[in-house]
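Written out below as C-alpha cells is the structure these notes cover.
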Amino acid sequence: MNCTNEMRLIMDSKSINEGFSRVAVASFIACLDPNIEELTDIKTAVSEAVTNAIVHGYKEKEGKIYITVSLFENNIIRIKVRDKGVGIKDIEKAMEPLFTTAGSERAGLGFAVMESFMDKVRVSSKPDCGTTVCLEKKIWGKRI
Amino acid sequence: MSAKIEYKQKEIRVYLSGEIDHHSASLIRASIDDAIIHKKPSLLIMDFGEVSFMDSSGIGLVMGRYKLMKTVHGRIRVENLSPSAYKVMVLAGLERLGEIKQKEVV
C-alpha cells in the first residue's frame, strides 16, 4: 500500500486535549470526503485511544502522546496513537469488554468501541516502554 | 459540555449538551451526584438531545449514575440519543439497566 499523505501530532497527555486530537484527525481525513457516520466513528475511536493513553498509559501524569495519521491510495486510513507510559502486561485481558483497572466511572469498553467502529485494531505494548494502538478504516464516503 | 438540572416532585431531569468525553464527564458528574444525594428521586432522566459527541465516557457516566440511583432505590432513563450515541450505549448493554431511547426522527 502506498501512503499518499501523512500527518503527525505530538501533544501533552492532558484530558483537555482529547477534544482537540479527535477534531484534528477528523479535519485531516476530510480530504477523503468521508460521510458523517464514518467521521463520528473515527472521532469516537480516536477519543478512546487517546483517553486510554492518558488514563492508563500515563496514569493521568505528564507525558506526550504521538499521533500519526496516514492516508493510502485505496481510501484506507491508518491512525497510530502511541504513548511512552507504563505499557500493558496482558493485552488480551486489557481488550476484554468490561475489563478496566480505572474504577467505576470507566466502562471498560474502550477497545470494544474501537473494534466496533474501525475495520482493524492492533495493539502492541511493552511494560515500562509504552503502548501503540493502530486503527484502520476504509473510507467509502458518499459511495454507500 | 454542560448539564442543566431540573426537579419535578420525585423526578430529576438532566439536560446534557456539548461533547461528552473523559475530560468533560469528570466536570459534570459531581453536580448530578449532588442532586441525586440531596433529592433522592425515584427517577433520573438523562436527556442527551443536545449532545454533539460521545465516546465510552458517556457509558461510564450513565453506569455510575445508575449505581448511585440504586442506593436511593430509584430508576434511570436515558432519552434523545443520537444514532451513534445509541450504538455506543447498546454496545455496553445499558438497556438492561434502564430505558434507553433514541432521538425521534422528525
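Its Cα gyration tensor gives the protein assembly as shown an equivalent ellipsoid, and the semi-axes of that ellipsoid, as √(5λ) in whole Å with the largest first, are 32, 21, 15.
With r as the distance between the Cβ atoms of A:Asp33 and A:Ser116 and R0 = 25 Å, compute the FRET efficiency 1/(1 + (r/R0)^6) and round to 0.05. Calculated transfer efficiency: 0.60.
Using the alpha carbons alone, the radius of gyration of segment A:3-143 stands to its Kirkwood radius in an Rg to Rh ratio of 0.96. Taking every DSSP bridge with both residues inside segment B:2-102, close to 30 percent are antiparallel.
Please report how far the C-alpha centroid of segment B:1-31 lies from that of segment A:28-86, rounded to the nearest whole angstrom. Cα centres, segment B:1-31 to segment A:28-86: 27 Å. Based on the convex hull around the alpha carbon atoms, segment A:35-115 presents an average projected area of 6.2 nm². By DSSP, the beta bridges lying fully in the protein assembly as shown are antiparallel in about 70 percent of cases.
When Rg and Dmax are taken over the Cα atoms of segment B:2-102, they come to 12.1, 33 Å. In chain A the longest region clear of GluC sites (Glu not before Pro) that are loop-assigned by DSSP and have at most 10 other C-beta atoms within 10 Å covers A:74-144. Against the main long axis of the alpha-carbon atoms of chain B, helix B:22-39 sits at an angle near 30°. Placing +1 on each Lys and Arg Cβ and -1 on each Asp and Glu Cβ, with no other charges, gives segment B:2-102 a dipole about its Cα centre of roughly 500 debye.
For segment A:54-130, the set of trypsin sites (Lys or Arg not before Pro) satisfying both a DSSP loop assignment and a count of at most 14 other C-beta atoms within 10 Å is given as A:Lys59, A:Lys61, A:Lys89. The GluC sites (Glu not before Pro) found in segment B:26-106 that occupy coil by DSSP, while having at most 16 further C-beta atoms within 10 Å, are B:Glu104.
Projecting the Cα atoms of B:Tyr86, B:Ser57, B:Leu43 onto the dipole axis of chain B, where Lys and Arg carry +1 and Asp and Glu carry -1 at the beta carbon, places B:Leu43 farthest toward the positive end.
Each reported figure results from applying straightforward, stated rules to the coordinates on display, with no laboratory input. Worth saying up front: this structure is predicted, and the values here are computed from it rather than measured. Backbone-built Cβ (ideal geometry, glycine too); neighbour counts: all protein chains shown.
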